[in-house]
Amino acid sequence: MEVTFQLLRFDPLKDRQPHWETYRVELEPTDRVLDGLEAIKGQMDGTLAYRRSCAHGVCGSDAMIINGRNRLACKALVKNMKEPIRIEPMRGFKVLKDFVVDMGPFFEKYRAVKPYLIEKEARPQKERLQSQEERERFDDTTKCILCGACTTSCPSFWFNAGYVGPAAIVQAHRFIFDSRDGGAEERLSVLNNQEGVWRCRTVFNCVEACPRGINVTRAIGEVKKVIAKGGR
Amino acid sequence: MELFTWLFMRYSGVLLLFLALGHLFIMHVFNSIHQIDYDFVVRRYMALFWRGYDLCMLWLAMIHGLNGMRILIDDYLKPPWQGRSVKVLYVTGGLFLLLGTWVIICFQPAAG
């Protein structure tokens, strides 16, 4: 089947403004949008720039706006897309070229919430035991692949780049509710300000955008509750 | 501070729901608007309870609304207009709040 793609192209060396370009490629209905991009780049226009790594929905490199919604190009099947398939870079980040955006500020915020285990007691001889219930408490937020689809779908982030963003809060949630972790206070102090969790207006765009089905707004709400209660 | 305002919005929202519904029923269901006149207000304000009721509603609604506006300004405007607009909002809201409080507390029926 012939599939029509409309891509929002931007080359900072040549273009003053992004512009739409149309491509038609032969694909199978079971192909993904990423396969379409690969076909365009490989057979029609080698200057097309986008990120992809595993191509199986695990690495989170190929998040982009596909038909108006943040998705992973490797998880969106062509047969499920309305034509023409319109692709834009994620909103709120500086576009470096085509669909490659500057993820630097995103990862700065990720690092700000200390997304690693902070030991609260002396290191045990064996592993740190955890019950199934304790593990279940933060199971949802362990699924995050840091693709940025949630943060770049958030209107609060579009307008205020200082907002820490849903992805960083999800990462903080993953450790705040981990019974083995002792750094909740440090993380909550980062999130308890105007640019932290309180910037969230519960728009729910992040929930729709998340390719891993994480209930992001719920996770943010749980972090708000912990702050209101004064601890876990 | 943001934690306090977040909690305030939730508690005041719930309280305002009951206060505003009570106000609506008293003014528009139990009493016809044709009965509500100066004498009605005089009779009502003889009881300290209704002055307290209106004062609660005024303060909660004004602060709830002003905080909502502050959040909107914070979301949609950038400095320096953000800070300037918030100042104008606080001064205007504060004046209306004081005016309303003054009326509720100092209201005295006219002689005769």
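For the condition within 28 Å of A:N67 (Cα to Cα), within 14 Å of another protein chain (Cβ to nearest Cβ) and under 21 Å from the mean Cα position of the chain (by Cα), A:A161 qualifies.
Considering the range A:164-192, the residues that are open to solvent by 10 Å² or more (accessible area, probe 1.4 Å) and within 14 Å of chain B (Cβ to nearest Cβ) include one that is nearest to A:S53 (Cα to Cα), namely A:V164.
Screening A:T141 against (1) under 28 Å from A:Q6 (Cβ atoms); (2) away from every other protein chain (no Cβ under 14 Å) leaves a single unmet condition, (1).
Provide a single number: the residues in the range A:22-44 that are in contact (Cβ under 8 Å) with a residue 24 or more places away in the chain and either open to solvent by 20 Å² or more (accessible area, probe 1.4 Å) or under 23 Å from the mean Cα position of the chain (by Cα) (or both). It would help to see each step written out before you state the result.
So the first thing to find is which residues in the range A:22-44 are in contact (Cβ under 8 Å) with a residue 24 or more places away in the chain, and the list is A:22, A:26-37, A:40.
From what's left, either open to solvent by 20 Å² or more (accessible area, probe 1.4 Å) or under 23 Å from the mean Cα position of the chain (by Cα) (or both): A:22, A:26, A:28-37.
Here the count works out to 12.
The set of residues in the range A:174-216 that are in a helix (DSSP H, G or I), touching a helix residue (DSSP H, G or I) at 6+ places or on another chain (Cβ under 6 Å) and either of a type in the set (A, V, I, L, M, F, W, C) or outside the structural domain of A:Y163 (by TED's automatic domain parsing) (or both) comprises A:I176, A:A184, A:L188, A:V190, A:L191, A:V197, A:W198, A:C206, A:V207, A:A209, A:V216.
For every residue, the table says whether it meets (1) in contact with a Leu (Cβ under 8 Å, 6 or more places away or on another chain); (2) closer than 29 Å to A:V95 by Cα; (3) free of Cβ contacts under 8 Å to residues at least 60 places away in the same chain.
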| position | (1), (2), (3) |
| --- | --- |
| A:S131 | no, no, yes |
| A:T142 | no, yes, yes |
| A:T152 | no, yes, no |
| A:P155 | no, yes, yes |
| A:A184 | no, no, yes |
| A:Q194 | no, yes, yes |
| A:R199 | no, yes, yes |
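The residue pairs whose first member lies in the range B:74-86 and is away from chain A (no Cβ under 13 Å), whose second member is open to solvent by less than 30 Å² (accessible area, probe 1.4 Å) and in a helix (DSSP H, G or I), and whose beta carbons are closer than 7 Å, counting only pairs six or more residues apart or on different chains, are B:S85/B:I73.
Looking only at residues that are more than 30 Å from A:A122 (Cβ to Cβ) and of a type in the set (A, V, I, L, M) in the range A:180-218, which one is nearest to the chain's Cα centre (by Cα)?
So the first thing to find is which residues in the range A:180-218 are more than 30 Å from A:A122 (Cβ to Cβ), and the list is A:193-218.
Now restrict to residues that are of a type in the set (A, V, I, L, M): A:197, A:203, A:207, A:209, A:214, A:216.
On the way: A:V197: 17, A:V203: 16, A:V207: 11, A:A209: 8, A:I214: 11, A:V216: 11 Å.
Among them, the one singled out is A:A209.
Inspect all residues belonging to the range A:114-128 and state whether any of them is in contact with a Phe, Trp or Tyr (Cβ under 8 Å, 6 or more places away or on another chain), part of a loop (DSSP other than H, G, I, E, B), closer than 26 Å to A:E38 by Cα and touching a residue at least 24 places away in the same chain (Cβ under 8 Å). No, the conditions are met nowhere in the range A:114-128. Residue-level check: of (1) at pLDDT below 95; (2) open to solvent by less than 80 Å² (accessible area, probe 1.4 Å), B:L60 misses just (1).
The values are calculated or read from the model by the stated rules, or taken from the named source; none is laboratory data. Quantities reported herein were computed from a predicted structural model and do not represent experimental measurements. Cβ sites come from the backbone with ideal geometry, for glycine too, and all protein chains shown count toward neighbours. In case anyone asks, the SASA skips ligands and DNA or RNA and just uses the protein heavy atoms, side chains included. Shrake-Rupley method; radii C 1.70, N 1.55, O 1.52, S 1.80 Å.
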